[in-house]
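*Asks:* Structure provided below as structure tokens; questions to follow.
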Ligand SMILES: C[S@@+](CC[C@H](N)C(=O)[O-])C[C@H]1O[C@@H](n2cnc3c(N)ncnc32)[C@H](O)[C@@H]1O
């Protein structure tokens, strides 16, 4: 389901999107973490390799795994233009983070920009954490981030109307207008059905509109909601959680404050 969403449209518009372009602090955060905790690094949900390349450029061996072929194609194109010394540090794998078996142990396993929140049922989260445990070297670290949404996004009818998210130009001149609406709130499950509409205007002025629906985790904005949902399965898999940092809205950065 998620792979279909990324394959069908998101991959094409991902890297140029202002939502993605403006995310720089997390690149620094994960690159610094990889330096601190060491390689080899396994990145789950590596997508187009936004973080993968930065870590390879910083000198670490990194394996990126994703289940969207189109996102991986973009990553492969980026690997091809790396310096040869950096290129040999990157391995890209097609696979599912809920069930993977790689014949290697990793010092660091990272899940940047919320792929874990695509795993909505707790058993799927546990499957992923189980695989992570099998692939972590002794003393290795799992590092991931979550988003905290507004409580209003769980109930306010204004979000049921389509609203503007971003407008941008792609290399080659196509213009993209991204809008979104919540089609259904699932408050008890802390999920929303979200429709994303990509309106693309070509150089000849013709416009196409593609609407995609998916279910996303949308924690109710309570400060530790996402964390508690994750801490619970993490504890069940007997991970020790030595650090938990962040802040509302700011996104993860090396300077994020510590939360308890
Ligand atoms: C928001 S993107 C983040 C991509 C990348 N980590 C980044 O920071 O730009 C989420 C990624 O998770 C991947 N993903 C979602 N569910 C997955 C699964 N079960 N197994 C592997 N990858 C998955 C998607 O294909 C997508 O590339």
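The values are calculated or read from the model by the stated rules, or taken from the named source; none is laboratory data. Keep in mind it's a predicted model, so treat the numbers as computed, not measured. Cβ coordinates were reconstructed from backbone atoms using ideal geometry, including for glycine residues, and neighbour counts include every protein chain displayed.
*Asks:* Within the stretch 124-171, track down each residue that is part of a helix (DSSP H, G or I), away from the ligand (no atom under 15 Å from the Cβ) and modelled with pLDDT of 90 or more.
*Replies:* Those that are part of a helix (DSSP H, G or I), away from the ligand (no atom under 15 Å from the Cβ) and modelled with pLDDT of 90 or more: 133, 134, 157, 158, 159, 160.
*Asks:* Might you let me know whether the stretch 52-63 holds any residue that is free of Cβ contacts under 8 Å to residues at least 24 places away in the same chain, part of a helix (DSSP H, G or I) and either surrounded by fewer than 24 Cβ atoms within 10 Å (Cβ to Cβ) or away from the ligand (no atom under 13 Å from the Cβ) (or both)?
*Replies:* No, the stretch 52-63 has no match at all.
*Asks:* Moving on. Residues being surrounded by 15 or more Cβ atoms within 10 Å (Cβ to Cβ) and in contact with a helix residue (DSSP H, G or I) (Cβ under 6 Å, 6 or more places away or on another chain): count how many of those fall in the stretch 186-210.
*Replies:* Residues flagged as surrounded by 15 or more Cβ atoms within 10 Å (Cβ to Cβ) and in contact with a helix residue (DSSP H, G or I) (Cβ under 6 Å, 6 or more places away or on another chain) within the stretch 186-210 amount to 1.
*Asks:* So, one more: Does residue 70 satisfy being in contact with a helix residue (DSSP H, G or I) (Cβ under 6 Å, 6 or more places away or on another chain), modelled with pLDDT of 95 or more, within 11 Å of the ligand (Cβ to nearest atom) and in a helix (DSSP H, G or I)?
*Replies:* Judged against the criteria, residue 70 is a match.
*Asks:* Please work out if residue 15 is farther than 30 Å from residue 208 by Cβ and within 13 Å of the ligand (Cβ to nearest atom).
*Replies:* Against the criterion (farther than 30 Å from residue 208 by Cβ and within 13 Å of the ligand (Cβ to nearest atom)), residue 15 does not qualify.
*Asks:* Filter the stretch 30-45 for residues that are within 13 Å of the ligand (Cβ to nearest atom), crowded, with 24+ Cβ neighbours inside 10 Å and either under 21 Å from residue 242 (Cβ atoms) or without any contact (Cβ under 8 Å) to a residue 60 or more places away in the chain (or both) and give the result.
*Replies:* Matches in the stretch 30-45: 30, 41, 42, 43, 44.
*Asks:* Name the residues in the stretch 109-123 that are assigned to a loop (DSSP other than H, G, I, E, B) and either buried (at least 24 other Cβ atoms within 10 Å of the Cβ) or within 9 Å of the ligand (Cβ to nearest atom) (or both), would you? Spell out the reasoning first.
*Replies:* Restricting attention to the stretch 109-123, the residues satisfying the condition of being assigned to a loop (DSSP other than H, G, I, E, B) are 112-114, 119-121.
If the condition is that a residue be assigned to a loop (DSSP other than H, G, I, E, B) and either buried (at least 24 other Cβ atoms within 10 Å of the Cβ) or within 9 Å of the ligand (Cβ to nearest atom) (or both), then 112, 113, 114, 119 are the ones that fit.
Rundown of residues vs (1) farther than 26 Å from residue 140 by Cα; (2) within 14 Å of the chain's Cα centre (by Cα), yes/no style:
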site	(1), (2)
13	yes, no
41	no, no
52	no, yes
62	no, no
78	yes, no
82	yes, no
93	no, no
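*Asks:* When you check residue 101 against the structure, is it within 28 Å of residue 22 (Cβ to Cβ) and more than 12 Å from the ligand (Cβ to nearest atom), yes or no?
*Replies:* Considered against the rule, which asks whether it is within 28 Å of residue 22 (Cβ to Cβ) and more than 12 Å from the ligand (Cβ to nearest atom), residue 101 comes out as no.
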